[in-house]
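Report on the following structure.
The values are calculated or read from the model by the stated rules, or taken from the named source; none is laboratory data. Everything quoted here is computed from the prediction, not taken from an experiment. A quick note on method: Cβ atoms are made from the backbone with ideal geometry, for glycine too, and the neighbour counts reach across all protein chains shown. Just the protein is used for accessible areas: all its heavy atoms, side chains included, with ligands, DNA and RNA removed. Shrake-Rupley method; radii C 1.70, N 1.55, O 1.52, S 1.80 Å.
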Amino acid sequence: MRTISTKPDLAEQVHNLLIDAIVTGEYAPGQRITQEEIADRFGVSRQPVLQAIVLLRQQGLLLDGPGRRGIHVAALDAEFLINLYEVRAALDGAAAAAAARHDGTSRRAKGMELIRQGREAVSQGDVHQIVRADWEFHRFMYRAANNPLLLASAQHHWHHTQRAMSACLAQAGSLRGVWSEHQKILEAVLKHDAKSAERLSRKHADKSLDLLLG
């Protein structure tokens, strides 16, 4: 990992780089890390590292070790994944239904381009790009819903979803079927079929959970 400059805010930069390392699995679930290790890795003092760790604890990505000796990356256990995807199914379904109730004519080209990019990422086997493409598609849907609270709620949990997807992809390979499901959701939205859009989105989240739980 690269060292970083002093602008913008160092704590924010460390926070973002740690999230990226956790999400991509560079720091594996359960792995123990220390403030000193992180500071050395990024070429910064311990103060911005401490600030970043505080935020990551609040986000549930880092936990204190036994007796508060060091910290470790939060595990991805089955109970957590079930709870996470229960929330995601509800949010994704609500967003897709709301998007279907708005004029979608101008969004067709953008939606199809995102589908193309996702399939391209799968064909290249690039896990990081697959996860990024997935988020871009879902963010597109949330924006189409024209409800900023839905988007903010989804973003709050997205780091955990990224971790889950990265872990699954690393073990199971490509998820080509995901993009066919995305296209069906998009088609329902463009047809203003709110009921089908919500049903397909919830089904998509449920299938993703089944795949993660193996």
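Please state the equivalent ellipsoid semi-axes for the chain: what are the square roots of 5 times the Cα gyration tensor eigenvalues, largest first, in whole Å?
34, 18, 16
Quick one: pull the percent of accessible area on the chain belonging to carbon and sulfur, 1.4 Å probe, ligands and nucleic acids left out.
51 percent
Quick one: which residues, 5 or more positions from L62 or on another chain, have an amide H under 5 Å from its amide H? H modelled 1.01 Å from N in the peptide plane, none for Pro or chain starts.
Here R57, A74 satisfy the definition.
If only Cα atoms are counted, what is the Rg of the stretch 106-180, and what is its Dmax, in Å?
12.7, 38
For a quick check: with amide H placed at 1.01 Å from N, whose amide H comes under 5 Å from I33's, ignoring anything fewer than 5 positions away on the same chain?
When sequence neighbours closer than 5 places are left aside, the close amide H contacts are I71, H72, V73.
Does anyone have the angle between helix 10-23 and the longest principal axis of the chain? Alpha-carbon axes, 0 to 90°, nearest 10?
Once rounded, the angle reads 60 degrees.
Leaving ligands and nucleic acids out of the surface, order S196, S153 by accessible area at 1.4 Å, largest first.
So the residues, ranked largest to smallest area, are S153, S196.
Along Cα→Cβ, 7 Å out, is where each label goes; now give me the distance between the ones at R199 and E86 in nm to one decimal.
Distance between label points: 2.4 nm.
Just the number please: accessible area per residue for the chain, 1.4 Å probe, all protein chains included, in Å².
52 Å²
For the chain, modelled as a GNM with alpha-carbon contacts under 10 angstrom, which of R163, R101, R69 fluctuates the most?
With Cα springs under 10 Å in the chain, the top fluctuation among R163, R101, R69 is at R69.
Where the only charges are on Cβ atoms (+1 Lys, Arg; -1 Asp, Glu), what is the dipole of the chain about its Cα centre, to the nearest 20 debye?
Taking the Cα centre of the chain as origin, the dipole is about 440 debye.
Would you mind estimating how fast the stretch 108-149 diffuses translationally, via Stokes-Einstein at 10 °C and 1.306 mPa s with the Kirkwood radius over Cα pairs, in µm²/s?
Result for D is 149 µm²/s.
Between the stretch 133-167 and the stretch 70-112, how many Å separate their Cα centres?
5 Å
Using alpha-carbon positions, what is the distance between the centroids of the stretch 173-214 and the stretch 11-28, in Å?
Each part's Cα centre sits 28 Å from the other's.
Compute the helix-to-body angle for 148-172: its Cα long axis versus the longest principal axis of the chain, expressed 0 to 90° and rounded to tens.
Taking Cα atoms only, the helix is inclined about 80 degrees.
Count the lysine pairs in the chain whose Cα atoms sit under 19 Å apart, keeping only pairs 8 or more residues apart in sequence or on different chains.
Values: K110/K184; K110/K191; K184/K195; K184/K203; K184/K207; K191/K203; K195/K203; K195/K207.
The number of close lysine pairs in the chain is 8.
When the helix-only estimate is applied to the chain (DSSP H runs of n ≥ 4, each -39,500 (n - 2.57), divided by the residue count), what is the mean residue ellipticity at 222 nm, nearest 500 deg cm²/dmol?
Working: 9 runs with 153 residues, N = 214.
Value at 222 nm, helices only, nearest 500: -24000 deg cm²/dmol.
When only C-alpha pairs under 8 Å and at least 6 residues apart count, what is the relative contact order of the chain, in percent?
It rounds to 26 percent for the chain.
Hey, in the GNM for the chain with a 10 angstrom Cα cutoff, which one of A97, A152, A74 fluctuates hardest?
Checking each option, the largest mean-square fluctuation is seen for A152.
At 1.4 Å probe size, put T161, T24, T105 in order of accessible surface, largest to smallest.
Working: T161 5, T24 60, T105 105 Å².
Highest to lowest solvent-accessible surface, that is T105, T24, T161.
How tilted is helix 46-58 with respect to the longest principal axis of the chain? Cα atoms for both, answer in degrees (0 to 90, nearest 10).
For 46-58 against the chain, the angle is about 40 degrees.
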